[in-house]
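Notes follow the structure.
No value in this document is a laboratory result; all are computed from the given coordinates. Note that the structure is predicted; figures quoted are calculated from it, not measured. FYI the Cβ positions are ideal-geometry reconstructions off the backbone, even for glycines, and counts take in every protein chain you see.
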Amino acid sequence: MRLVIALLTVLFFAMLSLLIWSSASRAHDAPLGWSYPYECCSGIDCREITEGSVTEGPAGYVLSASGETVPYTDRRVRQSPDGRFHWCTIGGSDTGRTLCLFVPPRGF
């Protein structure tokens, strides 16, 4: 009986560890279900923003909340899988440094 209890205890903690590890290593999901890459988001950094929150200037994408310009060729600019704008900043703050900016395909 002691052996069964010991094995069940070990199994319980192994499953708990696996559950914690798998959820912690995964970036959180965008509203339409795709996952933000880990290098962009640690679970609180990314959010969908309105189309009007971003304008295209001569030097790049201009974010109205922070005034920051992210150059078109910057590695932080990513194609948005759902065709909407998503902005990832440190801590999810409007004044935080941009980690990634997901943009819809540009029209011709």
> Would you pick out the residues in the stretch 72-108 that are exposed (fewer than 13 other Cβ atoms within 10 Å of the Cβ) and in contact with a Phe, Trp or Tyr (Cβ under 8 Å, 6 or more places away or on another chain)?
Replying inline: Gln79
>> Report every pair of residues separated by at least 6 positions or lying on different chains whose Cβ atoms are under 8 Å apart, first residue within the stretch 30-59 and on the phi > 0 side of the Ramachandran plot, second in a loop (DSSP other than H, G, I, E, B) and surrounded by 13 or more Cβ atoms within 10 Å (Cβ to Cβ).
In response: Gly43/Ala27; Gly43/His28
